[in-house]
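S.K.: Supplied in structure tokens, the structure appears directly below.
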Amino acid sequence: MTKFIGILTAGGDSPGLNAAIRGIGKAAQNSFGMQVIGFRDGFRGLMENRTVRLDGPALSGILTIGGTILGTSRDKPEKMPMAGQMLDMTDLMVENYRKHQLDALVCLGGGGTQKNALTLLKKGLNIVTLPKTIDNDVAKTDITFGFDTALGIATEAIDRLHSTAHSHHRIIVVELMGHNAGWLALGAGIAGGADVILIPEIPYDIHKVAEAIRRRSHSDKGFSIIAISEGAKSKEDAALLQAAEEKKANAKKKEEKKKASAELLELVNRQANGTIRLSQRLEELTGLESRVTILGHVQRGGTPSAGDRLLASRLGTACATLINEGVSGVMVAARGEGAEPVPLEEVVGKRKTVPLDHPWLDSARRLGTCMGD
Ligand code: F6P
């Protein structure tokens, strides 16, 4: 009997999503005779029943295209903004899934999407997910698609910043994405030869950073490149944040919790623009001129790398095979050269940050890179 599957992409877009959609769709149709539809704009499209047929012509010519042909959104099934209110819309999503007589729904996304997919799994839908994000922070998979492309873009940016930093004998602080994980800054920092790499996993001491820069300026290297992750914090800021988070977590009464939440929010706002503040302090501490480059969404745009196309194709085709075998409730993880189903429960609620004994960190230190500690 013909199987019907749906696909949606949710959370921030990333290069390789179309390669994955193509991989799932082609394998599902060519190898197993399934029919495939897509839902537009993530979980919102599932709720609003906005679909697109993913037949042969729709899947053709999309391998090299960035973003997602389906569109995406950060809307959550249980907290969907609806006319100024946050409503639980999961029942409507279940209804639409049934209306299309789907045998499985594939959700492509990062940590948040894995959590939202689990919510629908618990409602009785057959769910399979794929791990995508430029942050590479999804648990239980070797790597996520999108990361390799972003790593290439970030590395090229650091390469380009070298000549201008060198010419002006300046400090250049380049901020990279990654949310609360340091994979992008660490990877691009090493590959691009940054002199200082600051990541969320290692709160930095600004005096140690200034010292490393001063040492370089006293040698024949009159410039320094600092690759900093958007989530990196000074030791002081990290301690304050941790205390505020603990206060909120330990608050027992409703009033206490409300007060602690407000204090946490205020602190987060006060700690915003950390990269700009770092650059200004380094000018004061070293007497050198400093400039900031915030790479932002350019890291998520454009053509996926060969590595991401391969990974997305590998996971997408494995996903179709698993659905054909009747597997559900799993994320198709990258494992070595292959793909492996991992129960969604084991993925959700965890974040894969850089372990302090990771070989990349060891390499960075041995290369003489200042890690801010
Ligand atoms: O999760 C991917 C990511 O690009 C993070 O690195 C970044 O913090 C966030 O998304 C930005 O989100 P948005 O595109 O919603 O501004």
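What follows is calculated from the coordinates using simple rules that are stated; it is not laboratory data. The structure displayed is predicted, hence computed values, not measured ones. Positions of Cβ are generated from backbone atoms using ideal geometry, with glycine treated the same way; all protein chains shown enter the neighbour counts.
S.K.: Which order do the peptides 192-198, 325-331, 362-368, 81-87 come out in when sorted by mean C-beta neighbours inside 10 angstrom, highest first?
M.R.: My ranking of the peptides, most packed first, is 192-198, 325-331, 362-368, 81-87.
S.K.: Given region 150-300, what count of lysine pairs have C-alpha atoms under 12 Å apart, with each pair 8 or more places apart or on different chains?
M.R.: Close lysine pairs under the 12 Å cut-off: 7.
S.K.: I've got another one for you. Treat every Asp and Glu Cβ in region 1-141 as -1 and every Lys and Arg Cβ as +1, leave all other atoms uncharged, and give the resulting dipole magnitude about the Cα centre to the nearest 20 debye.
M.R.: 200 debye
S.K.: Turning to a different aspect of this structure: Pairing the Cα long axis of helix 306-324 with the longest principal axis of the chain, what angle in degrees results, from 0 to 90 and rounded to the nearest 10?
M.R.: Long axis of 306-324 versus the principal axis of the chain: about 30 degrees.
S.K.: Same structure again: Considering only C-alpha atoms, what is the centroid distance from region 40-54 to region 235-286, in Å?
M.R.: With region 40-54 and region 235-286 each reduced to a Cα centre, they are spaced 38 Å.
S.K.: Choose one of Val128, Thr90, Phe145: the residue whose Cα lies farthest towards the positive end of the charge dipole of region 72-171 (beta-carbon charges +1 Lys, Arg; -1 Asp, Glu; about the Cα centre).
M.R.: Thr90
S.K.: Relative to the present Cα-Cα distance, how much length would full extension add between Ser31 and Glu245 at 0.36 nm per residue of separation?
M.R.: Gain in length upon complete extension: 72.1 nm.
S.K.: To continue, here is another question. Given R₀ = 35 Å, what would the calculated FRET efficiency be for Gln85 paired with Val298, taking r from the Cβ atoms and rounding to 0.05?
M.R.: 0.50
S.K.: Another one. If you place +1 on the Cβ of every Lys and Arg and -1 on the Cβ of every Asp and Glu, how big does the dipole about the Cα centre of the chain come out, in debye to the nearest 20?
M.R.: 600 debye
S.K.: Another question, if that's okay. Rank these for me by crowding, His166, His218, His179, going from fewest to most other beta carbons within 10 Å.
M.R.: Fewest-to-most ranking of His166, His218, His179: His218, His166, His179.
S.K.: List the residues whose amide H sits under 5 Å from the amide H of Leu176, counting only those 5 or more places along or on another chain, with H placed 1.01 Å from N in the peptide plane.
M.R.: Correct list: Ile228, Ser229, Glu230.
S.K.: Suppose only helical runs count, i.e. DSSP H with n ≥ 4. What mean residue ellipticity at 222 nm does that imply for the chain under -39500 (n - 2.57) per run, divided by all residues and rounded to the nearest 500 deg cm²/dmol?
M.R.: Mean residue ellipticity, 222 nm, calculated: -14000 deg cm²/dmol.
S.K.: Among Arg98, Arg309, Arg170, which comes first, second and so on when ranked by fewest other beta-carbon atoms within 10 Å?
M.R.: Ordered from fewest to most neighbouring Cβ atoms within 10 Å, Arg98, Arg309, Arg170 come out as Arg98, Arg170, Arg309.
S.K.: Okay, moving on. Looking at Phe223, Leu240, Ala181, which one has the Cα that reaches farthest to the positive end of the dipole of region 150-300 (charges on Cβ: Lys, Arg +1; Asp, Glu -1)?
M.R.: Of the options given, the answer is Leu240.
S.K.: Which of Asn250, Tyr204, Leu161 sits farthest toward the positive end of the charge dipole of region 150-300, with +1 on the Cβ of Lys and Arg and -1 on the Cβ of Asp and Glu?
M.R.: It is Asn250.
S.K.: Over the alpha carbons of region 150-300, what is the largest minus smallest coordinate on each principal axis, giving the biggest first in Å?
M.R.: Here the spans come out as 59, 33, 19 Å, largest first.
S.K.: Quick check for me: using +1 on Lys/Arg Cβ and -1 on Asp/Glu Cβ, what's the dipole size of region 150-300 about its Cα centre, in debye to the nearest 20?
M.R.: Its charge dipole is roughly 440 debye.
S.K.: While we're looking at this one, here's another question. Let's test the formula: R0 of 51 Å, r as the Cβ-Cβ distance of Lys122 and Ser363. What FRET efficiency results, to the nearest 0.05? Before the final figure, lay out each step's value.
M.R.: Values: r = 42 Å, r/R0 = 0.82.
So the FRET efficiency works out to roughly 0.75.
S.K.: Same structure, new question: Net charge near Leu295, counting Lys/Arg +1 and Asp/Glu -1 over other residues with Cβ under 13 Å of its Cβ?
M.R.: Summing Lys and Arg as +1 and Asp and Glu as -1 gives -2.
S.K.: Would you please state which residues of region 118-141 a label at Asn180 would reach in this model, taking the label point 7 Å out along Cα→Cβ and a backbone N cut-off of under 19 Å?
M.R.: It comes to 132-141, nothing else.
S.K.: Please turn the phi angles of region 194-204 into ³J(HN,Hα) values with the Karplus equation 6.51 cos²θ - 1.76 cosθ + 1.60 (θ = phi - 60°), one per residue in order, whole Hz, x for glycine and proline.
M.R.: Per residue, the Karplus-derived 3J(HN,Hα) values read 5, 7, 10, 10, 10, 10, x, 5, 10, x, 9 Hz.
S.K.: For region 306-373 and region 64-111, what is the centre-to-centre distance using only Cα atoms, to the nearest Å?
M.R.: Comparing the Cα centres of region 306-373 and region 64-111, I get a distance of 23 Å.
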